[in-house]
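What follows is a single structure, written as structure tokens, with notes after it.
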Amino acid sequence: MGPLDALPRLQVGDAFTSVVEWIEGNLPWLLDTIKTVLKWAVNQLDTGLTYIPVLVTILALAAIGWYLRSWAFGVYTLGGFVLIANMDMWDESMSSLALVIVASVCAMGIAVPLGVAGARSHNVSRIIRPLMDMMQTMPAFVYLIPTLFFFSIGVVSGVVATVVFAIPPGVRLTELGLRQVDGEMLEAGQAFGASPWQVLSRIQIPLALPTIMAGVNQVIMLSLSMVVIAGMVGAGGLGGVVYEGVTRLNLSKGFEGGLAVVILAIYLDRLTGALADRAPVARALRVRSAAE
Amino acid sequence: MTDDPLSPEINLIEARGLFKVFGQSPMASVERLRQGTSRDELRESGSTAAVIDASFAVRRGEIFVVMGLSGSGKSTLIRLVNGLLDPTAGSLLVDGEDIAGLSPKQLRRVCQDKVSMVFQHFALFPHRTVLENAAYGLEVKRADKHERSARAREALAMVGLDGWEDYLPGELSGGMRQRVGLARALASGTEILLMDEAFSALDPLIRREMQDQLMDLQQRLGRTILFITHDLNEAMRLGDRIAMMRDGRIVQIGTAEQILNDPANDYVAQFVQDVDRARVLTAASIMEQPVALLGSGAGPRAAHKLMRENQLAHLFVVDRHRRLVGTVHEADVAEAVKRAHDDLTDIIDRSPATVQGSMTLAEILSDSAESSVPLAVINESGRLLGVIAKVTLLNALSDNGTVDAPDSGVDGLSGPHAESVAVPGTPTGPLVSAESMNSSGGDS
């Protein structure tokens, strides 16, 4: 009998369960709305991406890569996506891409305002930080349990779990970027009579954009890494392929699915990196380092 | 102290009993300060008194310099004027309106319409072009696009940056960046310009150039400028009036000459001893009344008598309107008396060395060295205003104020030279002539 045994067993898990049940019982309209909207968005995007002839999509993606980054990246894109189509992974890849895009947009939509709030107030920041730590370190599978409660098997559960998992770097990097903006810049804005909104939108966010874009990049990468886990709850796409490969010990299919994920990941990573480099402030920084 | 009667017509900025205290319960700290608690005592309780009981008035159209070392509260003071900081107590009128009681929205309007600011480290927006930076104040005001661009271009041209509109600040040198900062403030069209150590980050040559440009612009535009600096030479050069600040308090307000010649306390006196007096003091500020003047109609005997009575080796000769005619010398006068001439006309030296009252001592130094008689200070119409003997000039250059040697070191200042502080006051002595040079007291 250790002294800790005197402490009654704390029902942490049960408490969480009752929270989940309470939400399920009292906020069905919210859950339904989320479900409808997310399902609609993913389906529209998925349908759109697969409706366009494969070659057209490949050429368009390659052209974007060439324009935003370099011709070499355009060639990579072309080769990579032709390989995906060749491996018969096209539809799965496009539905995963749709899921990643919707999840990333949702995650950034939540992360940026949270990051802004955290940058403006130390108190908010103090509350957000441990929450983000928890969200990032909690094993990703755990998110699947409540989302399955709320949204049952299907793509919506996959999206929601992905969003929750991908939010933290978005919040952190947004807050970091905003905090790094030189205080004299903010003073300059205020000294000329700019409102808090004008300071935020015209000075802080543009100056923090490279860091915020790094956040976007991280969010997308985390979303992609969740694709396989989302596949387990029936989100389909490449996750479904890989999951099937695992459960049936189908080595070649599993590998091909994984390779398609990698090709997508590299494409999205380099593309967002190129976007960050095109931010005006990134251009300004290059100019300065060239001048000095 | 030289604070004139406060009047809203001529005073564009007016502070009365202004306090700014950082820390817990600032109002209680203000009470303690009013009851005589020192700044250091307050610091022990965790509060920082940045500005203590500051009262001053900036007149429309003048350059008012607040001068102090780091930690003297000058940066806080300037930030009170445009509401970047709220005063803890006291009132601050900008164009007759008390800033202290305004809502954030009203304050923004004041910043848009009345007060703009130039920053020490320029605070240009690196992601915006020079033109967009210059137009920022107008953009905030939501001025129409054409007007914005036109006025920003105009302001950039004023500071000599036409042709640089499409560059980014990062492509410009330090001096040019600060000119963009100046253009941004000018373009917004506010009457008041706050300049926070605006030239301190620039190297000395560029700084001087910028000072010249600012004075030049000021002559054309006649804005009201509140300039903060820790460089006394800069303060003396630019300021119509200067407020000396120390440990949160304003210790003296006056013109450069008043502060140099009549420092309010040891602190100011110690401070001004490092000033390049030759470039600050003007001929008019150190000239003295001639002991005796000779009318142009007088004869050699009158001249001789005057010289003897006043122990002078020469006299300045003036006409009825006190316009300078020339000088006569002892030897010539004695000769004329001996020969019983009754006219001085032949012996008047008609090209004595003359200077204008507004010239700095640096400018009159070589004239003084070359002249055997004191320099005559005249105005545009040739009227004799006063004279400057060599000894007066040297005294003024070496003078360190009229206070006694401080008994304790003045903290925050390096190298107080006790021997130079002990030199007695302003150039004095009723008898001023070239010969008396040898008796000049001094450390020069």
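One table, with the values for the structure above:
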| item | result |
| --- | --- |
| Rounded, prolate or oblate (a/c below 1.5 giving rounded, otherwise prolate when a/b exceeds b/c) for the stretch B:191-245 by Cα gyration tensor | oblate |
| Overall dimensions of the stretch B:3-105 by Cα: Rg and Dmax, Å | 14.0, 42 |
| Positive-end extreme of charge dipole, the stretch B:39-156 - chosen from B:75, B:54, B:130 (charges on Cβ) | B:130 |
| Potential lengthening between residue B:321 and residue B:212 on full extension [0.36 nm per residue; Cα-Cα distance subtracted] | 35.6 nm |
| DSSP beta bridges in the protein assembly as shown [antiparallel fraction, %, rounded to 5] | 60 percent |
| DSSP-defined beta bridges in the stretch B:170-279 - what % are antiparallel, rounded to 5 | 50 percent |
| The stretch B:7-78 and the stretch B:203-223: distance between their alpha carbon centers, rounded to Å | 28 Å |
| Helix-only CD estimate at 222 nm, as mean residue ellipticity for chain A, using -39500 (n - 2.57) per DSSP H run (n ≥ 4) | -28500 deg cm²/dmol |
| Rg over Rh, two decimals, the stretch A:78-188 (C-alpha only, Kirkwood Rh) | 1.12 |
| Student exercise, chain B dipole from Lys, Arg, Asp, Glu Cβ charges, in Debye to nearest 20 | 1180 debye |
| Quotient of C-alpha Rg and 2.2 N^0.38 Å, computed over the stretch B:152-209 | 1.10 |
| Per residue solvent-accessible surface (Å²) - chain B, probe of 1.4 Å | 44 Å² |
| Total accessible surface hidden between A and B, rounded to 100 Å², 1.4 Å probe | 2400 Å² |
| Within chain B, helix-based [θ] at 222 nm, where runs of 4 or more DSSP H residues each add -39,500 (n - 2.57), nearest 500 | -10000 deg cm²/dmol |
| Semi-axis lengths, Å, the stretch A:153-243, gyration tensor of Cα atoms, sqrt of 5 times eigenvalues | 39, 11, 8 |
| Computed P(r) (all Cα pairs; the protein assembly as shown; 20 Å bins; percent) | 13, 31, 26, 17, 8, 4, 1 |
| Check: the stretch A:35-162 dipole with +1 on Lys, Arg Cβ and -1 on Asp, Glu Cβ, in debye | 560 debye |
| Residues with amide H under 5 Å from that of residue B:51, placed H, sequence gap 5 or more | B:20 |
| Chain B - share of DSSP beta bridges that are antiparallel (%, nearest 5) | 60 percent |
| Carbon plus sulfur fraction of accessible area for chain A, probe 1.4 Å, in percent | 69 percent |
| Selection from B:194, B:11, A:48 lying farthest towards where the dipole of the protein assembly as shown points positive, charges on Cβ | A:48 |
| Reach of residue A:35 by Cα under 19 Å, taken over aspartates and glutamates that are not fewer than 8 positions away in the same chain | A:21, A:24, A:46 |
| Solvent-accessible area per residue for the stretch A:17-97 (1.4 angstrom probe, square angstrom) | 60 Å² |
| Neighbourhood net charge (15 Å Cβ-Cβ; Lys/Arg +1, Asp/Glu -1) for residue A:240 | -4 |
| Only Lys, Arg (+1) and Asp, Glu (-1) charged, at Cβ; the stretch B:4-112 dipole about Cα centre in debye | 320 debye |
| Choice from B:366, B:116, B:149 showing the highest fluctuation, given a GNM over chain B with Cα pairs closer than 10 Å | B:366 |
| Long-range HN-HN contacts of residue B:66 with modeled amide H, under 5 Å | B:227, B:228, B:229, B:243 |
| Listed pairs B:74/B:145; B:20/B:114; B:338/B:390 exceeding 27 Å between Cα atoms | B:74/B:145; B:338/B:390 |
| Positive dipole terminus of the stretch B:65-193, leading residue within B:149, B:185, B:102 (C-beta point charges) | B:102 |
| FRET efficiency for residue A:105 and residue A:255, using Cβ-Cβ distance with R0 set to 30 Å, rounded to 0.05 | 0.50 |
| J(HN,Hα) series, the stretch A:72-89, from Karplus relation 6.51 cos²θ - 1.76 cosθ + 1.60, nearest Hz, glycine and proline x | 4, 5, x, 5, 4, 4, 4, x, x, 6, 5, 4, 4, 5, 5, 7, 6, 10 |
| Chain B, accessible surface, carbon-and-sulfur percent (1.4 angstrom probe) | 48 percent |
| Computed accessible area, residue B:372, all protein chains, 1.4 angstrom probe, square angstrom | 80 Å² |
| Solvent accessible area, Å² - residue B:111, 1.4 Å probe, full protein context | 0 Å² |
| Choice from B:266, B:113, B:342 with maximal GNM fluctuation in chain B (Cα, 10 Å cutoff) | B:342 |
| Reduction of at least 20 Å² in accessible surface, 1.4 Å probe, comparing all protein chains with the chain by itself, residues of the stretch B:127-141 | B:127, B:128, B:136, B:139, B:140 |
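The values are calculated or read from the model by the stated rules, or taken from the named source; none is laboratory data. Note that the structure is a prediction, hence the values are computed from the model and not measured. Please note: Cβ atoms are built from the backbone with ideal geometry, for glycine as well, and neighbour counts cover all protein chains shown. Side chains are part of the model used for accessible areas, which takes the heavy atoms of the whole protein and leaves out ligands, DNA and RNA. Shrake-Rupley method; radii C 1.70, N 1.55, O 1.52, S 1.80 Å.
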